[in-house]
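Structure record follows, encoded as structure tokens.
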Ligand SMILES: [Co+2]
Ligand SMILES: [Co+2]
């Protein structure tokens with residue numbers, strides 16, 4: 001029985017986000033869109049928080065204009081984005097009217113598929129977005145942020161998926177942002193999801209520890225419908241399995257994707273050439289590293305902590321911090337470690353170590369977390385810690401956004417004449433400072449992308465055959 | 001049922017051969033040997049034709065001395081070498097007395113496991129070496145050079161493996177030098193070999209097209225006993241799957257290798273640091289590239305041909321050459337493409353294209369090949385071509401070395417006083433010019449390793465978490 005696996009290529013979003021600090025410019029995307037559009041990908045992931053941020057902050061491109069250009073250049077392929085639930089593309093919970101407006105405008109400008117996640121896996125935080133996607137007539141994908149803990153069982157993930165299915169999701173994605181999945185655990189999870197749900201399942205797993213291709217193979221054998229890959233030039237390490245490899249691996253089997261390897265190879269050559277232009281953003285931290293399989297600390301979090309400790313002249317205490325992280329995470333009820341929870345846990349762990357006593361100082365974010373302002377933790381938080389942090393203030397157990405009054409009108413008024421469109425208002429809503437600066441510079445005609453360092457020409461060597 | 005997979009780490013031989021032109025020096029191996037020896041690898045591959053060549057040619061190290069130093073530094077781990085059958089570590093067929101002496105001396109200096117292959121898969125060319133290994137009381141491993149063609153069926157490989165088993169081999173290796181294997185084809189091949197043979201099976205597959213980790217997983221599920229991996233710092237691309245990844249992938253399963261990920265991670269950090277020292281040998285041609293899955297031309301062969309054509313100002317004809325290669329290979333009875341057959345086929349294909357008529361000029365190597373001097377081709381060669389190339393000269397159908405008289409005494413006499421040991425005579429036997437120069441420089445006290453370019457310090461960047 002033939003059961004072709006469907007491919008989402010993430011080179012235009014997660015590929016360059018994972019490997020060159022999200023710096024790929026629209027001018028390096030458009031020339032290859034014609035070929036990308038011919039491949040027959042189920043979708044191309046093209047938009048998300050980091051790409052939006054990098055456009056406004058570094059590239060001085062209007063992210064909405066990028067989306068419209070990609071839409072025009074890719075008429076035959078679904079365009080996909082990653083949305084942080086009630087956080088949208090920003091770093092706080094927005095009122096529902098902003099969520100609804102943002103989704104509507106994203107759909108209108110070209111997004112077909114919305115992958116919606118919440119860092120806590122609190123499904124209440126994705127519900128408004130998912131309903132808005134359905135209202136726009138687009139594909140709503142509910143997301144399981146994968147992590148490991150005593151409460152993150154296969155059954156718990158199945159329950160979460162069912163809750164999102166009940167909200168009207170068209171599909172479910174597993175988002176393994178840290179590369180924690182192992183091949184046989186993946187197989188089990190997919191098997192259970194396929195048995196209990198009647199929805200297509202997508203697998204998004206980072207190759208951080210080199211396991212993602214293996215996880216995908218076991219997922220496929222257990223019935224996964226879709227996998228996320230990146231064209232080889234922006235694949236592997238902290239990015240994703242290479243598109244060509246997975247296509248070649250499945251060729252001639254019942255899972256054959258049917259995609260053309262020669263066409264993919266041409267696309268890879270474009271992106272290999274393009275990648276050289278961004279050499280200043282290459283980093284050793286993006287290479288394959290098994291550490292996350294040893295201590296469950298995501299690679300990006302490890303390098304951020306190392307930088308933080310270095311600045312404080314305390315790099316020698318990094319092992320203590322790594323040992324403290326699982327403890328803080330347990331105290332907070334085992335949140336998945338992804339933006340913003342990775343920062344919340346990491347910063348508190350550093351403080352616990354450097355202060356010489358645990359929770360001598362408690363960050364504002366930990367306090368807000370313990371008050372319920374990020375949503376419901378996966379497991380019970382430590383009661384004593386909560387009392388200490390929160391004191392007599394209120395702990396909420398409603399959806400955080402239930403406490404937020406409508407705010408779109410105020411945002412519209414605040415940005416005023418600088419906004420030439422509803423999209424501009426939303427840019428400002430996502431990034432109040434950066435967004436405003438961007439709109440001001442645009443008005444003044446002073447938008448200037450950051451400068452790229454010149455490419456040095458490096459010569460290749462011939463290799464021997466065999467051995 | 002627990003069935004732990006055994007690991008051979010190839011970092012000290014194939015890892016650096018595949019990625020930095022075989023330049024790793026003994027001084028960068030010894031400091032990490034203590035840790036390598038603690039891991040519990042089934043074996044470490046440490047020696048072969050290219051490492052021997054690079055020692056004598058570039059590093060001005062005595063390869064025998066390297067072997068003795070590694071032996072002393074790795075008292076608890078089997079040391080493994082790759083041997084080109086009757087070619088030993090050189091580029092011609094040697095008389096049996098040289099083969100016997102070389103194997104005996106390699107065993108005496110520290111080799112425990114001999115992986116013996118023949119580029120044609122002609123088992124007559126491995127028999128003397130295998131018998132010599134058994135005579136030394138060491139582990140003899142017979143090798144299947146993997147390739148694809150109408151005659152390279154699973155059944156044919158099983159037959160070859162049985163023939164080598166009958167010679168007394170202790171195990172069988174599949175050597176996929178080009179990265180041609182696909183996961184499900186690997187599974188089938190392993191299944192058949194395990195069903196028909198009562199010997200341990202080893203899988204050596206290059207990650208050239210990114211499929212090797214997937215091939216290993218399917219091999220393991222079908223009963224393979226041993227896999228070859230390289231510590232991550234010298235893994236992936238034209239090298240092998242990363243040791244840590246495969247160990248992590250199998251952890252907690254019935255195939256658990258039992259190896260310690262933290263210890264492996266420490267070893268990886270050593271080699272990442274060491275690799276910087278050799279940055280001048282890094283090459284774009286070693287990266288993952290799916291081309292071999294499209295046109296069956298090994299990566300190293302493609303880059304060699306590109307260089308060859310460039311020198312002749314004919315790089316624009318490379319696609320014609322790629323199209324000609326399978327035709328020449330068919331005419332020659334489908335030899336696997338590995339040193340020296342890759343050069344024989346490649347050079348003739350270039351001539352066929354540039355001369356404007358096929359076989360207008362025939363190389364001496366093709367002529368010798370067609371006369372039977374490399375052994376028996378896997379399939380019948382083209383009769384007309386053979387007549388044209390060979391003319392009235394004799395075609396042999398015996399084992400090529402049957403025609404070679406004993407030659408060790410002559411070699412010993414030729415090199416004379418320059419050889420201070422039987423090992424020196426064998427160095428000279430392997431590389432008549434280079435070996436002699438090496439011995440002369442040693443006598444004159446003028447051995448000087450090639451100069452390494454200074455390391456530039458490149459700064460890493462912090463990465464974001466998730467997305
Ligand atoms: Co090899
Ligand atoms: Co991602």
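No lab work stands behind these numbers, since they all come straight from the coordinates. Being a predicted model, the structure only gives us computed values, none of them experimental. No Cβ is skipped: glycine too gets one built from the backbone with ideal geometry, and neighbour counts run over all protein chains shown.
With its label point put 7 Å out from Cα toward Cβ, residue A:306 sits 3.1 nm from the same residue's point in the other copies, in order from shortest.
Over every Cα atom in the protein assembly as shown, the radius of gyration and the widest Cα-Cα span, Dmax, amount to 30.1, 104 Å.
Inter-copy label distances for residue B:407: 8.2 nm (label point placed 7 Å from Cα along Cα→Cβ; shortest first). Where the centre of each part is set by its Cα atoms, how far does segment A:282-300 sit from segment B:327-402, in angstrom? Spelled out, the Cα-based centre of one part sits 49 Å from the other. Projected label points at residue A:443 and residue A:306, each 7 Å from Cα along the beta carbon direction, are separated by 4.4 nanometres.
So what's the gap between the Cα centers of segment B:237-278 and segment A:246-279, to the nearest angstrom? Their Cα centres are 26 Å away from one another.
What is the gain in length, in nm to one decimal, between residue B:319 and residue B:355 on full extension, counting 0.36 nm per residue of separation less the C-alpha to C-alpha distance? Don't skip to the answer; put the middle values down first.
Working: separation 36, 0.36 × 36 = 12.96 nm, distance 1.53 nm.
Stretched fully, the residue B:319-residue B:355 segment lengthens by 11.4 nm.
Below 8 Å between Cα atoms, with a sequence gap of 6+, how large is the relative contact order for chain A in percent? Please report the intermediate quantities before stating the final value.
On the way: 839 pairs, mean separation 78.7, N = 467.
Across chain A, relative contact order equals 17 percent.
As a length-normalised measure over Cα pairs under 8 Å and 6 or more apart, the relative contact order of segment B:1-144 settles at 20 percent.
Using C-alpha pairs below 8 Å separated by at least 6 residues, the relative contact order for segment A:297-401 is 25 percent.
When residue B:422 is represented by a point 7 angstrom out along its Cα-to-C-beta vector, the spacings to that point in the other copies are 8.8 nm, nearest first. From the Cα gyration tensor of segment B:29-138, with a ≥ b ≥ c the square roots of its eigenvalues, which class applies: rounded if a/c is under 1.5, or else prolate if a/b is larger than b/c, or else oblate? In terms of gyration-tensor shape, prolate.
Each part reduced to its alpha carbon centroid, segment A:4-66 and segment A:142-186 end up 25 Å apart. For chain A, the 222 nm mean residue ellipticity estimated from helices alone, with every DSSP H stretch of n ≥ 4 adding -39500 (n - 2.57) and the total spread over all residues, rounds to -13500 deg cm²/dmol. What the Cβ-Cβ distance of residue A:393 and residue A:198 gives, at R0 = 45 Å and to the nearest 0.05, is a FRET efficiency of 0.55. The simple spin-label model puts a point 7 Å past each Cα toward its Cβ; for residue B:254 and residue A:371 those points are separated by 5.4 nm.
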